[in-house]
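Taken together, the values in this text are just the output of simple stated rules run on the coordinates, not laboratory data. Everything numeric here is computed off the predicted structure, so don't read it as measured data. Every residue, glycine among them, receives a Cβ derived from its backbone with ideal geometry; neighbour counts consider all protein chains shown.
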């Protein structure tokens with residue numbers, strides 16, 4: 001098997017070979033066809049993430065592939081069955097049967113490999129925000145992985161979406177939305193108010209941070225909810241707390257990774273919800289950009305430098 005390994009923080013990752021693992025009695029051997037790439041993977045390899053694994057480590061967290069072997073206690077999966085599961089950048093993985101999920105026919109393996117992290121984050125976020133069908137959501141960084149999941153899941157709930165991104169090219173990648181804001185040109189607060197006829201938005205999805213945060217907070221209507229998801233801009237903003245007080249606004253931290261680690265059963269329920277939505281056609285993840293394993297460092301660099309629009313995968 002092949003795997004991508006980080007051997008030193010800030011140094012290029014390596015592709016290594018090793019013997020294929022053997023599944024235990026209740027385990028499944030999966031031949032991987034696509035590994036989902038996430039911004040956190042690049043951050044972790046650069047030493048910029050709060051979780052710092054012991055070196056060397058294999059980055060990555062989600063993948064899709066086909067079953068090639070099962071342990072003696074697994075009787076409900078045939079060879080060739082398409083599945084998604086957790087795991088790092090490797091061409092073969094062994095996972096417990098309990099963590100294996102069938103891919104619905106509506107999804108390609110590339111789409112499935114990018115579903116777990118971004119869509120789980122946004123399902124968790126919208127559940128916390130109690131997003132309803134009569135509300136308007138402003139999505140910052142709307143062309144990125146979190147942004148696209150935020151748009152897709154908001155639509156599945158019947159909400160209106162205003163997509164905000166740094167260029168016209170990125171906005172074109174956001175699909176059908178209620179409104180668009182190019183914050184490389186437009187005043188974010190003014191344009192959001194215009195699009196909502198002065199009312200403001202009900203929910204802000206912010207995976208960007210930086211100097212957009214102040215204006216984004218001011219777009220919120222009375223009792224609006226500001227979802228803090230990440231800081232892709234590279235800096236942590238300081239929000240004016242008087243703006244939270246003035247209109248009874250709420251700021252919610254969305255650390256799905258920490259939550260899912262301590263609520264594994266609830267996260268499995270969330271994933272089943274997402275797969276059901278995908279099977280019914282209520283959500284449609286975009287087809288990802290593809291990189292070979294040998295180009296893993298290029299892929300991580302592209303993620304860090306915001307050259308990826310939408311999602312990306314590594315292919316063994």
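Assorted remarks:
- Alpha carbon convex hull of segment 10-98, volume per residue in cubic angstrom: 105 Å³
- With neighbours defined as other Cβ atoms within 10 Å of a residue's Cβ, the residues 143, 120, 79 order from fewest to most as 79, 120, 143.
- Taking only the Cα atoms of segment 197-316, the ratio Rg/Rh comes out at 1.04, with Rh defined as the Kirkwood radius.
- As computed over segment 118-257, the Cα convex hull volume per residue (Å³): 94 Å³
- Alpha-carbon Rg/Rh ratio, for segment 215-279, with Rh computed the Kirkwood way: 1.10
- Helix 145-156 and the long axis of the chain differ in direction by around 70°, with both axes built from C-alpha atoms.
- Calculated FRET value between residue 263 and residue 235, using beta carbons and R₀ = 51 Å, to 0.05: 0.95
- Per-residue Cβ neighbour rank within 10 angstrom, fewest leading, 89, 57: 57, 89
- Only beta bridges with both residues in the chain are counted; by DSSP, about 55 percent of them are antiparallel.
- Cβ crowding within 10 Å ranks 259, 116 as 259, 116, fewest other Cβ atoms first.
- In segment 118-257, Cα pairs under 8 Å separated by at least six residues give a relative contact order of 22 percent.
- Across the chain, the mean sequence separation of Cα contacts (distance under 8 Å, 6 or more residues apart), normalised by length, yields a relative contact order of 18 percent.
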